[in-house]
Amino acid sequence: NNNIDNTRFDPATTPELVQALQQMSYQALHFLRQHLGARMAAEELVYQGESRLKDQAYQLTDRYIDRAKKLIPLYQSQIGSPNPERAMANALQMIATMITSQSMRPTPHLPHDDDALVAVLVQGAGGMLELKPCP
């Protein structure tokens, strides 16, 4: 997904990590919705044992996480976790998993509205990263 690879964040224009996480979450949500039918078909094939598709899905998630890890040096002062790389990987995996789940099989336990869903996911990610308030 070129959106994942080409996204750039600059603390001068995006001063808070929360904003970057929001943007990445909206991008992931938009991308998944654009390809929802294909994603659902692929999931069914994976369920039936198609490991090549599973590997491709993992590669896409890895790219998403790797892209997010590049945010760490830019926003280091806002991250309180003693292991920022692990925290970022966990946070992005949670965001990706929940966006996928809520897009494919919405549950009443999470918001259906995009803004509210992204807010909940970013709040959870912020907890994992132990985000500090911006000065």
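Quick note: the coordinates plus some simple rules give every number you see, no bench work behind them. It should be emphasised that the depicted structure is a prediction, and the values quoted were computed from it without experimental measurement. In this analysis, Cβ positions are derived from the backbone assuming ideal geometry, glycine residues included, and neighbour counts consider all displayed protein chains.
Show me 116-124, 78-86 ranked by packing, highest mean number of other Cβ atoms within 10 Å first. Walk me through the numbers on the way to the answer.
On the way: 116-124: 17.7, 78-86: 15.1.
In decreasing order of mean packing, 116-124, 78-86 become 116-124, 78-86.
So if each residue of separation counts as 0.36 nm, and I subtract the Cα-Cα distance between residue 119 and residue 57, what length gain in nm does that give?
19.9 nm
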